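Please read the structure below before turning to the comments.
The values are calculated or read from the model by the stated rules, or taken from the named source; none is laboratory data. Predicted model, so just to flag it, every value in this text is computed and none were measured. Neighbour counts are summed over all protein chains in view; Cβ atoms, including those assigned to glycine, are modelled from backbone coordinates with ideal geometry. These area figures cover heavy atoms from the full protein model, side chains too; ligands, DNA and RNA do not enter into them. Shrake-Rupley method; radii C 1.70, N 1.55, O 1.52, S 1.80 Å.
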2 protein chains.
Amino acid sequence: LGKVMKKASIISIGNELLSGQIVDTNAAYLSGRLLSIGIPVVSTYTIGDDVDSIVRTLKLASEDVDVVLATGGLGATDDDVTRQALAKFLGSKLQLQNEFLEKMQNEFDRRGRSMCERDKIQAYMPEGAKALENKLGIAPGIVAEYKGKLFFVLPGVPAEMKEMFESNFEFLIKNFELKIKNSSRQAIAVRKLKCFGASESAIADLVGDVMKRGRNPLINCTAEHGIITLHIVATAKDKNTAERMAEKDKKMLRKCLGEVVYGVGEQTLAEVVGEELARRGKTLTVAESCTGGALSKLITDVAGASRYFTHGWVAYSNQAKVNELDVSKDLIEKYGAVSEQAAKAMADGARKKAKTDFAIGITGIAGPSGGSEQKPVGVVYISVSADNYNEAKRFIFSGNRQLIQLRAALTGLNMLRLRLSRIKS
Amino acid sequence: LGKVMKKASIISIGNELLSGQIVDTNAAYLSGRLLSIGIPVVSTYTIGDDVDSIVRTLKLASEDVDVVLATGGLGATDDDVTRQALAKFLGSKLQLQNEFLEKMQNEFDRRGRSMCERDKIQAYMPEGAKALENKLGIAPGIVAEYKGKLFFVLPGVPAEMKEMFESNFEFLIKNFELKIKNSSRQAIAVRKLKCFGASESAIADLVGDVMKRGRNPLINCTAEHGIITLHIVATAKDKNTAERMAEKDKKMLRKCLGEVVYGVGEQTLAEVVGEELARRGKTLTVAESCTGGALSKLITDVAGASRYFTHGWVAYSNQAKVNELDVSKDLIEKYGAVSEQAAKAMADGARKKAKTDFAIGITGIAGPSGGSEQKPVGVVYISVSADNYNEAKRFIFSGNRQLIQLRAALTGLNMLRLRLSRIKS
C-alpha cells in the first residue's frame, strides 16, 4: 500500500436526499477540500436512513479507499440511525458518554430549552470511537478507525458539517501524514481556464492530445451555457512541483486557445469585461429586447458594477424602442424589430441617451413562439456601439427560452470583450 | 417480485463532480420526478469518467432496482466514456447510427459550424439500445433494456438532461405500467402548493400537526429564495384514492394559508402575476435600481410576457433616475436614492413614461458594500404604482448580493399580486 495514493469515499445519508427535496452540497464540498490536500474522492453514495443500507454502503465504500466520510442521520428523531449503523458496522456497542450528555444539557440550558429523553441518543458513541464536538449544533460527530481505515461521521446540516470538518481538518491531515510518512503521498495543484466563443469539441481540437486520459497534468473540460471551463489537475510528489506543472500547462493552453480564453478560476465574463471598463475609466449601457433584463442582470451581478454601468433599457415593445431609444419607425417597418439595423439603432440610441462610451444592443426571438422561416426561434442580432463604431452580428442560439436569453446576453458581453481587446487602453 | 414496489437508482458520472468543482443537481431532480410517479430512488452513486467504474456501478446499482438512470459522459471529448461503458456492461458493440449522424450534421449546419471527426462518436449506440433525441444539445441519450431492467443514460448538462427526461417521461411511465399491471404497486399522487410572504416555520405553525412524519398524505416543506413549496404526497392502493386524498389536503392547506399561497405545481410568481395582468388586459413596467435587471428577467422568463410587459428601466445611477424616470433631484438630495420616496417616484415616473397601468419601483442596497447604520446592506424599498395608487414598503433582506436582488424582485412581484387581488378585475 505504501506507494498507492490515499483515496477517499463519501456517503451522504438521508431520505430527504433521495426524494429530491434537497440537493446534496456536502459531497461536493468535502470532495473539493479532500482533493486540496491530495486525497482524491473516487466515489460518493447517497442512501436513505436505513441501518442495513448504511452498513452495506460503509462496507462497499471502504473497500478501495483509506478514508470514508459520511454525513447525515446523527440527529435525535426516529429516522436518524447513522450512529446505530456505524456501531453495527464496527461490530461494537453504543455507549453513553456522560461527558457529552453533560455538554448537551448545558447547551439546552443555554438555549432555554428542556432536553427530552429522545435527545439523549446523541450522547451515545460506538465503543472505541471518538466524538467530534459540534460547535453549531447538538449532535457530536464520530471518528473511528477500523481495519486500518478512517471513518468520519459528520452532521448533515451543511453549516454544522463544514464547521466540524474544518475544525478537524488538521487532525485528518496529521493522521494521514503519520500513517503515510513512508509512502509517497502526492500533492495536487488545480487551475481553471474559462473560455467563451468556441464549442467544447472545437476547443478539444485546438488543444490536441493534452486532453488524453492518464496524462499528468490531467486536463478536463466542462461546459455550461456556452461557458467552457478547462480544469488542469497536476499531481506530483510535492506541492511546488505540482503548482509549477499546472502553471506551465495553463500558459500552454492560453497560448494555444488565444482569445477564446476570457479568464481564470471562477471569473465570469461580466467580471472580466467590467474590470476592463473600470480600468480604462469607460462606461456602458444596454438596450435589451429578447434578453429581457438578462444582460443587465449579468452586469449587475458584479459588486461595484456602478463604477461603469449607469443604466439600461429593457425595450421589449416596438413602441419602447421608438420612444425610449430613438429607433426610427421607418427602420422598424423596413427591416423589422428583429434585424441587424434595429440592434445597431438600439445600441446607438441607448449610448447617446445614457452618454456612455459603450452600448450593447440585443434584439431577437427567444421563443418558444414568434419564429418564422427567415427568422427562426433562436435568431438574435447583437450590436456593440461606441463613438465612430457600430458592429452587429447575427446568431442562432439553440436551447429553450431561458438558454437563448442567457447565451445571447453572454455573447453580447463577449463581443464587447473582444472589441476592448482590439482598441488600445 | 409481484408485491414489491418498483424502485430506481441514479448514477451521476463525471470527474468534475468528484473534485468538488460542480454540485450535482441532477440526482435530486430525477429523484423528485421519479417519486412523483411512485418510483422511489433507493440509492445514488457519483463516480468518475472511467469505464471500469461505470461498468461496476451499473452492475451494483441495478442489483436491487428496476430502473437505473445515469447522467453525464455522453459528450465528444476524450473524458466522455459513458457510451462505451454502457456497451461493455450490456455485452454489446457500439454501432454508428446513420440517422443520428445525419441529424447531427444538420444541427451543425444550422448553427453554421463544421462537425469534427471527434463529434461523430455521439452518433454511436450500443447494439439493441435506443437513442433519445437531445433537443437542446448534440449528444443523444440512450435507453436500453437488460435482464428485465431499464437503463436510461442522459446528458450531464442539467438543462439538456431535464428536457430529455421530461420528453421521455410518458414512455417511462407506460413501460412501468405494462410491467407491473399484475403487481400491487402502491399508487402515489403528488400536489405542490407554492407560497410566498411567510417563513418556513411560520407556515409550519399555521398548518399545525399535518406535517408530522408518517402521516398519509405526507406533507413536506422545502424553501428556496423565499419561495416555500409544500409537497403533498398521498399513497393509496389505487390512483383515484391517492388523487382524492392529495386534492383534499391541498384544499385544506389552501384554506389554512390564505393569500400566502400564490400558485400550484411549478408556477412561478411572475407567471401568476402575468396571467392575472393578461386576463385583465392590464400592462406593467418596472424601474429597477439595486435589482439591476433581476425583476425584468423574472417577468420576461415567462413566454408571452409581451402581452402585458412593454419595457423597463434599469436605473442604476442617480443621474438615470433623474433623466429617465423624472425623479426630482431635490427628492434624492432630501431623502436619498435609497428611500421610500425614491421608490415611489421611480415607479410613478416609469408608469407615466411607459403609459402602463402598473409599475414596480425598487431601490436598495444589494451589497456587499455601500451599507450604513440607518440603511444597512439588504435594505430595499419597493413601490407598486397605479392610477391614484402608490404604496411603498421597506424590507431588509438577508443573504449575499444575488439573493438580496432575487428576493427583492420576487417581493415586488408579490406586492403587485396582492394589490391585484384587492381590486376588482
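Quick check: anything in region A:227-239 surrounded by 15 or more Cβ atoms within 10 Å (Cβ to Cβ), in a helix (DSSP H, G or I) and within 14 Å of another protein chain (Cβ to nearest Cβ)?
Checking region A:227-239: not a single residue is surrounded by 15 or more Cβ atoms within 10 Å (Cβ to Cβ), in a helix (DSSP H, G or I) and within 14 Å of another protein chain (Cβ to nearest Cβ).
Show the residue pairs that are 6+ apart or on different chains and have beta-carbon atoms under 8 Å apart, the first residue being within region B:240-260 and modelled with pLDDT under 95, the second being of a type in the set (S, T, Y) and open to solvent by less than 50 Å² (accessible area, probe 1.4 Å).
What qualifies is B:A242/B:T235.
Exactly one of (1) open to solvent by less than 40 Å² (accessible area, probe 1.4 Å); (2) in contact (Cβ under 8 Å) with a residue 24 or more places away in the chain; (3) facing another protein chain (nearest Cβ under 7 Å) is unmet by B:T25. Its number?
Unmet condition: (1).
When you look at B:S12, is it among the hydroxyl-bearing types (S, T, Y), outside any helix (DSSP H, G or I), within 10 Å of another protein chain (Cβ to nearest Cβ) and open to solvent by less than 20 Å² (accessible area, probe 1.4 Å), yes or no?
In short, yes.
Quick one: A:S296 ticks every box in (1) among the polar types (S, T, N, Q); (2) in contact with a Ser or Thr (Cβ under 8 Å, 6 or more places away or on another chain); (3) farther than 22 Å from B:C290 by Cβ bar one, so which box is it?
So A:S296 meets the others, but not (3).
In region A:224-257, how many residues are more than 21 Å from the chain's Cα centre (by Cα) and closer than 12 Å to A:F196 by Cβ?
1
In region B:264-285, how many residues are closer than 29 Å to B:A320 by Cβ, part of a loop (DSSP other than H, G, I, E, B) and within 14 Å of chain A (Cβ to nearest Cβ)?
Qualifying residue count, region B:264-285: 2.
Tell me whether region A:57-80 contains one or more residues that are out of contact with any Lys or Arg (no Cβ under 7 Å at 6 or more places or on another chain), of a type in the set (D, E, K, R) and under 23 Å from B:D52 (Cα atoms).
yes
Which numbered condition trips up B:S421, out of (1) of a type in the set (S, T, N, Q); (2) part of a helix (DSSP H, G or I); (3) surrounded by 16 or more Cβ atoms within 10 Å (Cβ to Cβ)?
For B:S421, the exception is condition (3).
Taking into account only those residues within region B:48-78 that are among the small types (G, A, S) and within 12 Å of chain A (Cβ to nearest Cβ), which is farthest from the chain's Cα centre (by Cα)?
Residue satisfying both the conditions and the ranking: B:S53.
With respect to B:V272, is the statement that it is in contact with a Lys or Arg (Cβ under 9 Å, 6 or more places away or on another chain) and surrounded by 16 or more Cβ atoms within 10 Å (Cβ to Cβ) true?
yes
Given the conditions (1) surrounded by 15 or more Cβ atoms within 10 Å (Cβ to Cβ); (2) closer than 22 Å to B:D49 by Cα, which single one is not true for A:D209?
It is condition (1) that A:D209 fails.
Please count how many residues of region A:94-121 are touching a helix residue (DSSP H, G or I) at 6+ places or on another chain (Cβ under 8 Å) and within 20 Å of A:A144 (Cα to Cα).
7
Could you please find all residues in region A:371-394 being without any contact (Cβ under 8 Å) to a residue 40 or more places away in the chain and buried (at least 18 other Cβ atoms within 10 Å of the Cβ)?
Answer for region A:371-394, where residues must be without any contact (Cβ under 8 Å) to a residue 40 or more places away in the chain and buried (at least 18 other Cβ atoms within 10 Å of the Cβ): A:K375, A:V377, A:G378, A:I382, A:V384, A:A386.
In contact (Cβ under 8 Å) with a residue 12 or more places away in the chain, away from every other protein chain (no Cβ under 13 Å) and within 21 Å of B:G304 (Cα to Cα): is that true of A:G367 in this structure?
no
Restricting to helices (runs of 4 or more DSSP H) lying wholly in region B:286-362: which have 2 or more residues that are within 12 Å of chain A (Cβ to nearest Cβ), over 32 Å from the mean Cα position of the chain (by Cα) and crowded, with 24+ Cβ neighbours inside 10 Å?
B:318-325
Residue check: is B:V42 touching a Ser or Thr at 6+ places or on another chain (Cβ under 8 Å), at the interface with chain A (Cβ under 7 Å from one of its Cβ atoms), farther than 15 Å from A:A27 by Cβ and outside any helix (DSSP H, G or I)?
yes
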